[in-house]
Amino acid sequence: MHNMTVYHPFAQSSLDELFRGFFRPVRVEKTAAPIRMDVVETENAYVVRAEIPGVAKDDIQVSIEGSEVTIGAEVKAESETKDGQRVVRSERYSGSVYRAFTLPVEIDEAASNAKYENGVLELTLSKKPAAAGRKLTIQ
């Protein structure tokens, strides 16, 4: 013998959970925004344009090791409130951001340069000339 159950379409269903979700408060986590960038290759160099808004140029570090490039920055929080003001919501990120990537050829650190203007870091990464092969003499 089988037990019969009365079907009720709104009783403890996923549809009920969906509508309950509309009334829950929205919680926004403060996570690091990624460093967005464009990389363009020319004959002798790579040009990288990375967006790092709201950062002083002294707080940006760029390191080159072979063909690996690392960009890091320290985003500092501004906590200016005047008398009679209170913070209602704060979604701006503060902390460290970091991006590392590898290019197909080694980079010449001495010939490369960096420029930071209007929140955009522009790196001109010069390619190292390919080492000429050496012929071995057979003895």
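Can you run down the residue pairs with Cβ atoms below 7 Å, 6 or more apart or on separate chains, where the first is in region 102-117 and without any contact (Cβ under 8 Å) to a residue 24 or more places away in the chain and the partner is β-branched (Val, Ile, Thr) and surrounded by 14 or more Cβ atoms within 10 Å (Cβ to Cβ)?
113/124
(1) under 15 Å from the mean Cα position of the chain (by Cα); (2) assigned to a strand (DSSP E or B): which one isn't true of residue 92, the others all being true?
Residue 92 satisfies all of (1) under 15 Å from the mean Cα position of the chain (by Cα); (2) assigned to a strand (DSSP E or B) except (2).
Tell me which strands (runs of 3 or more DSSP E) are completely within region 37-89 and hold 1 or more residues being over 19 Å from the mean Cα position of the chain (by Cα), free of Cβ contacts under 8 Å to residues at least 24 places away in the same chain and within 30 Å of residue 126 (Cα to Cα), or say none if there are none. Full working, then the answer.
Values: elements: 45-51, 60-65, 68-75.
Because the criterion is at least 1 residues that are over 19 Å from the mean Cα position of the chain (by Cα), free of Cβ contacts under 8 Å to residues at least 24 places away in the same chain and within 30 Å of residue 126 (Cα to Cα), the strands (runs of 3 or more DSSP E) in region 37-89 that meet it are 60-65.
Out of everything in region 91-123 that is farther than 17 Å from residue 59 by Cα and small (Gly, Ala, Ser), what residue ends up being surrounded by the most Cβ atoms within 10 Å (Cβ to Cβ)?
112
Please go through region 113-137 and pick out each residue that is among the hydroxyl-bearing types (Ser, Thr, Tyr), over 24 Å from residue 97 (Cα atoms) and not in a loop (DSSP other than H, G, I, E, B).
Within region 113-137, 126 is the sole residue that qualifies.
Where a number appears in this text, it was derived from the coordinates with a stated rule and is not lab data. Not measured: the values here are computed from a predicted model. Virtual Cβ from ideal backbone geometry, glycine too; neighbours counted across all protein chains shown.
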